[in-house]
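No value in this document is a laboratory result; all are computed from the given coordinates. These numbers come from a predicted model, not from an experiment. Because the Cβ atoms are built from the backbone with ideal geometry, glycine has one as well, and the counts that use them run over all protein chains shown.
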Amino acid sequence: MSHADIDPARPPARRLGCVALLTDESGRVLMVNPTYEPGWILPGGGARAGERIADAAARELLEETGLVRQFTHFLTLDQVPAGADGTSAEGLNVVCEGGVLTPAETRALRVPAAAAAELSACALISPGELSLYAKPYQERRIRQALDALERGNELPLLELGEPMR
């Protein structure tokens, strides 16, 4: 769709999800268990209006795990169709590269009290066990992100053509 085809008064409804892929030194993936739906997911959530992807991913990671990261690269972009029942908008999910947890961060992993109503737990999950925790589409997204990371295919997050800092 070209820009001329978009009515600025009624832009398309599309959610921008900003999630973070962090691993530990053993290659296990940091995941959270939401209380509002079954299955474990990467920490993250929707960007607010006008919020940069890097900032949304950092905010959500902090809210859900207490971890602080500055995001400069992403690994995958996953398009999700709108829910057939009309309860969820079409979306784009950006998997941001969050690096490797330090041993101290790993020992301190917890769901902050402020997120306890939204999340029941956070844990490090081995790639071989992803199917036991995540919905199939979440597992595929994580595996694609891990593959991009392994190949060194991180892409820079840009704002007006400039790398995020």
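Scanning residues 5 or more positions from T76 or on other chains, those with amide H under 5 Å from its amide H are V95, with H placed 1.01 Å from N in the peptide plane.
Take the Cβ atoms of L160 and L132, set R0 to 45 Å, and the FRET efficiency comes out at 0.60.
Summing Lys and Arg as +1 and Asp and Glu as -1 over all other residues whose Cβ lies under 13 Å from the Cβ of A56 gives a net charge of -1.
Compute the long axis of helix 136-151 from its Cα atoms, compare it with the longest principal axis of the Cα atoms of the chain, and write down the angle in degrees, 0 to 90, nearest 10. Here the helix axis deviates by roughly 80 degrees.
Sequence-ordered 3J(HN,Hα) estimates for the range 83-89 from the Karplus curve with 6.51, -1.76 and 1.60 and θ = phi - 60° stand at x, 4, 7, x, 8, 9, 7 Hz, glycine and proline given as x. Could you tell me which of rounded, prolate or oblate describes the range 62-106, using a ≥ b ≥ c as the square roots of the eigenvalues of the alpha-carbon gyration tensor, with rounded for a/c under 1.5 and, failing that, prolate when a/b is larger than b/c and oblate otherwise? Here the range 62-106 falls in the prolate category.
Of the peptides 100-113, 61-74, the order by per-residue mean of other Cβ atoms within 10 Å, starting with the highest, comes out as 61-74, 100-113. Take the Cα radius of gyration of the range 78-153 and divide it by 2.2 N^0.38 Å, N being the number of residues; the result is 1.32.
Helix content alone sets the calculated 222 nm mean residue ellipticity of the chain: runs of n ≥ 4 DSSP H residues at -39500 (n - 2.57) each, divided across all residues, give -6500 deg cm²/dmol. Measuring between their Cα centroids, the range 11-31 and the range 69-111 lie 1 Å from each other.
Rounded to the nearest whole Hz, the Karplus-based 3J(HN,Hα) values (6.51 cos²θ - 1.76 cosθ + 1.60, θ = phi - 60°) of the range 20-25 follow the sequence 10, 9, 10, 10, 9, 5, with x at glycine and proline. The angle separating the long axis of helix 53-65 from the principal Cα axis of greatest extent in the chain is about 40 degrees.
Net charge in the neighbourhood of A115 (other residues with Cβ under 9 Å of its Cβ; Lys, Arg +1, Asp, Glu -1) is -3. Considering the range 27-162 at the alpha-carbon level, its Rg and Dmax are found to be 14.7, 43 Å. Amide H contacts of C18: G45, G46, A47, V94, each under 5 Å away and 5 or more positions distant or on a separate chain (H built 1.01 Å from N in the peptide plane; Pro and chain starts excluded).
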